[in-house]
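Worksheet for the structure shown next.
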Amino acid sequence: MKIKILWADDEIDLLKPHILFLESKGYEVVSVNNGSSAVDKNREDNFDIIFLDENMPGISGLDALVTIKMEKPYVPVVMITKSEEEHIMEEAIGSNIADYLIKPVHPNQILLAIKKNLDKSKLVSQTTNSNYQKDFKELGMQLNSDLDIAGWNEVYEKLVYWELKLEGIDDSGMLEILNMQKKEANTQFSKFIDENYLKWLNGVEERPQMVHTLFKDCIHPTLDHTSPFVLVIDNLRYDQWKILRPLFSKYYSIPKEEVVYSILPTTTQYARNAFFAGLMPSEIAKKYPDLWLDEDAEGSKNKNEAALLEHQLARLARDIKWSYNKITNLDAGKKLVDNFNKLLDNNLNVIVWNFVDMLSHARTDMEVIRELADDESAYRSLTLSWFEHSPLYEIIKKCAESGRKLIVTTDHGTVRVNSPVKIIGDRGTNTNLRYKVGRSLSYKEKDVFQIKDPAEGYLPKSSLSSEFVFAKENDFFVYPNNYNHFVKHFTNTFQHGGVSLEEVLIPYVELEPKSAKGATGESTAAADPVSSRNVSRFKRPGRK
């Protein structure tokens, strides 16, 4: 089917050579010489693209544009004008034009505008496929080599990049190839963790930047010259950060963006407590036994994050004013927005936002969420939609307006599981699908990553914990009892606790506000404490 073009210009007779050129390329061109006729023709027929002269007698091109867009908003309109006046350009762009050309126009300019607007997806698809095919070979060679820490970071960043690019062109064939490559990458990464994780923790080999030293190594030094906001978005995968990144970029430059490593188990109880304490779990249990809850203990396992951070700041000799703010629902988020200016009196503000964690759990338990987030692409889309309309986005804007540095990170990611692995444990075994801790576990050793001695993995040794075992890649643990029911219920849900690229490799990002306001970190805001059940205000340790 020919592409049909409507071209409106009061000097259309002079453009006959251009029209003949387009017709020679296989396009069908309908021409009119005024705005009224352009509006009428648009109503009568369906055009793939419209070229509209801005300055015509009677109804101007800009007036015709408004009517055309109201009646058929998805038809691309290219505005053509003799004028280079800024206000005309701004008015046309504000009316959602597809392109803007200045007379005299060359036939190739018209052709380029058509291809850019009508053939763009096809051209992008061809180029993306070609580029991925080239990178596919390189990624394959990397996966078959002896990758180090930096190599794995690079491979994962590339895989996420191509996943988002290929998703954008909706090529199921290429996405299938990529998913096969991701599966192979996760297999090799699990072997890498198996071989190196305990060596890192015990100083046998140089370790990567890990979540339990992230505050001391990366955030603590920034306190010398800034008063940052630290945003910990629970369960934030690296690919989710990438789709949120453009929204942050509206208000921030991003001088530092890297992948760091979570700890095992990749769960809030272990990884996030380790982040706030600056210690591994067994060190927390030994040093602050009143702040650590074992697997078999009742109650929330991460209710002492503020106290753990207070102790870490004291060990780092940081005599500063700070706040810890944990947001678990919409009302608490709105309250934090309302009280935002009161936070500007602090040298450090830490915000924990639990939505992504709640989303992953809701997806498991609620059928409607499972349908909305059917796969990784839909899961990312749901995350983006939430963020755009959340109080958190308002806080991001306010941070930028105040000139404060923003640091974004998480404690662990999450992985979509689809391969059940049988395991047997006694009644006291924990319920997590990606790791098990207990005394009488029965499993196939090839299916898991084992830490037989919890002390070697810096994990607390309780009455339950003679060993820890972790599911790898996209596996999840299922007991033989009622096996088929649980396999059906949990297949294709997002889980965390085990060993995969998606769970272990997490984003750490430092952002500088584009606004100059308050760039020194100074604030004239009132020093009144924030009064909220979800927002706690702390002064430096020892103050009353």
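Values quoted throughout were computed directly from the atomic coordinates according to the rules given, and no laboratory measurement underlies them. Note that the structure is a prediction, hence the values are computed from the model and not measured. Glycine gets a Cβ as well: all are built from the backbone with ideal geometry, and neighbour counts include every protein chain shown.
Among the listed pairs K242/K444; K25/K116; K321/K397; K103/K165; K303/K405; K137/K488, which are separated by more than 25 Å between their Cα atoms?
K242/K444; K103/K165; K303/K405; K137/K488
List the aspartates and glutamates whose Cα lies under 15 Å from the Cα of K452, skipping any in the same chain that are fewer than 8 positions away.
Hits, sequence-local ones excluded: D194, E195, E467.
Roughly what angle does helix 149-169 make with the longest principal axis of the chain, taking Cα atoms, 0 to 90 degrees, to the nearest 10?
Relative to the chain, helix 149-169 is tipped by roughly 40 degrees.
When N counts the residues of region 121-201, how does its alpha-carbon radius of gyration compare numerically with 2.2 N^0.38 Å, as a ratio?
In units of the globular-protein estimate, region 121-201 measures up at 1.21.
Would you mind checking K16/K69; K158/K199; K16/K115 for any pair whose Cα atoms are more than 23 angstrom apart?
Violating the 23 Å Cα-Cα cut-off are K16/K69; K158/K199.
What FRET efficiency, computed as 1/(1 + (r/R0)^6) with R0 = 56 Å and r the Cβ-Cβ distance, is obtained for N55 and Y161, rounded to the nearest 0.05?
That gives a FRET efficiency of 0.80.
How would you rank 495-503, 288-296, 433-441, highest first, on the average number of other Cβ atoms within 10 Å across their residues?
Going from most to least packed, we get 495-503, 433-441, 288-296.
Tally Lys and Arg at +1 and Asp and Glu at -1 over the other residues with C-beta under 11 Å from the C-beta of K25: what net charge comes out?
That works out to 0.
Can you give the helix-only mean residue ellipticity at 222 nm for the chain, where every DSSP H stretch with n ≥ 4 adds -39500 (n - 2.57) and the sum goes over all residues, rounded to the nearest 500 deg cm²/dmol?
My calculation for the chain gives -13000 deg cm²/dmol from helical runs alone.
Using the alpha-carbon atoms, what tilt in degrees (0 to 90, nearest 10) does helix 120-143 show relative to the longest principal axis of the chain?
Around 30 degrees separate the two axes.
Semi-axes of the equivalent ellipsoid of region 186-327: what are they in whole Å, largest first, if each equals the square root of 5 times a C-alpha gyration tensor eigenvalue?
The answer is 24, 23, 16 Å, longest axis first.
Give the cross-link partners of K2 among the aspartates and glutamates, using a straight C-alpha distance below 16 Å as the criterion and excluding same-chain residues fewer than 8 apart.
Here the aspartates and glutamates satisfying the reach criterion relative to K2 are E23, E28, D45, D48, D119.
For a paramagnetic label modelled at 7 Å from the Cα of H489 toward its Cβ, which residues of region 433-449 fall within the zone defined by backbone nitrogen distances under 18 Å?
From region 433-449, the list is 433-436.
Taking Cα atoms of region 416-496, Rg/Rh with Kirkwood Rh, to two decimals?
0.96
Please list, or write none, the aspartates and glutamates whose alpha carbon is within less than 20 Å of the alpha carbon of K82, excluding same-chain residues fewer than 8 places away.
D9, D10, E11, D13, D53, E54, D63, E90, E91, D99
Using 0.36 nm per residue, how much length does the chain from K303 to R318 gain when fully extended, once their Cα-Cα distance is taken away?
That works out to 3.2 nm of additional length.
Might you report the magnitude of the Cβ-based charge dipole of the chain about its Cα centre, with Lys and Arg at +1 and Asp and Glu at -1, to the nearest 20 debye?
Using only the charged Cβ atoms, the result is roughly 1800 debye.
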